[in-house]
1. State to the nearest 20 debye the size of the charge dipole of segment 116-247 about its Cα centre, where the only charges are +1 on K and R beta carbons and -1 on D and E beta carbons.
2. Taking neighbour Cβ counts within 10 Å as the exposure measure, how do 133, 141, 113 sort from fewest upward?
3. Connecting C-alpha atoms closer than 10 Å in a GNM of the chain, tell me which of 215, 48, 86 has the biggest fluctuation.
4. Once every Cα of segment 6-61 carries one equal point scatterer and solvent is ignored, give the base-10 log of I(q)/I(0) from the Debye formula at q = 0.18, 0.23, 0.29 Å⁻¹, two decimals.
5. Can you run the Rg to Rh ratio on segment 15-115? Use alpha carbon positions and the Kirkwood inverse-distance Rh.
6. Given R₀ = 25 Å, FRET efficiency for residue 92-residue 238 by Cβ-Cβ distance, to 0.05?
7. Using θ = phi - 60° and the Karplus form 6.51 cos²θ - 1.76 cosθ + 1.60, what ³J(HN,Hα) does each residue of segment 95-109 get, whole Hz, x for Gly and Pro?
8. Suppose R0 equals 35 Å. What FRET efficiency, 1/(1 + (r/R0)^6) with r the Cβ-Cβ distance, do residue 139 and residue 250 give to the nearest 0.05?
Amino acid sequence: MSTDLLPIGRFARLCRLSVKQLRHYDDLGLLAPAWIDPASGYRYYRPDQARDALSIGLLRALDVPLPMVARVLSGQGAQALKEARDRIEDDLVRRRRALRLLDRVLAEGLPETPVSVVREPARRVRVAREAATPSTIAEATSACVRRVLAGAAPEGTLIGLFPLDMTDGFDVRVAMAAPGGDDLLPGGVFAAGTHVGPYDQISLTVYSVLAWIGDHGHAPGGPVREVYLDDPATTEPERLETQVMIPLEDA
């Protein structure tokens, strides 16, 4: 063993990490010790490994996930750090949206939108589809609107179609009534409530409609429909009206 090696305790103090963290990074293959005593299993590190250890500590303090830290250490720094930044930015968007929703709930209480039961006929529609995550719903929906309107004059109301369960990845669809449309939007019986306010707060009205469905012993189906009754280009966000419709499977 070289006399230049540092025992794990001294190396941990140099790098402002704990012994437990260093052992964990060794187990993950991020930072292996330079030498392990075969008799005691004690770990030793070279002084020049401090830069990598400090880099790990710095990046973890910036909330960079360990798999991306590994990519930085392997020389893929620019791309990995950009992905980490995008991830943090997406999280900030989600948290700002949550703050706006919380402010509204604080001001108005838990939503209790009036709900009615409506019957809708099946209709021919033109549909655009876009992959989305919980943090990219707005962008995906806007992309669908642009595509469904592309090259044609508006023929009817735009209807957003969203899964009842929004997991990490799902499809957003936007439909527009069109007599010659290639898709059929099914009819049926729906619980419906009108949302007034910005689109990013529609989840409050979805809450109300689902609560009503539960209170009345019904089973909700999907997808959730958002019928956009106003033009956001000419209507203030606080005055936008959107009809939220959820199919009743047992109707």
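1. Charge dipole of segment 116-247: 440 debye, to the nearest 20.
2. With the sparsest Cβ surroundings first, the list reads 133, 113, 141.
3. Sorting by GNM fluctuation, first place goes to 48.
4. -0.51, -0.84, -1.35
5. 1.26
6. The pair residue 92/residue 238 has a calculated efficiency of 0.65.
7. 5, 5, 5, 5, 5, 5, 5, 5, 4, 5, 5, 4, 6, 10, x
8. 0.50
Read-outs throughout are calculated quantities, based only on the coordinates presented, and are distinct from any laboratory measurement. Source: prediction; values computed, not measured. So basically every Cβ, Gly included, is an ideal-geometry build from the backbone, and we count neighbours across all protein chains shown.
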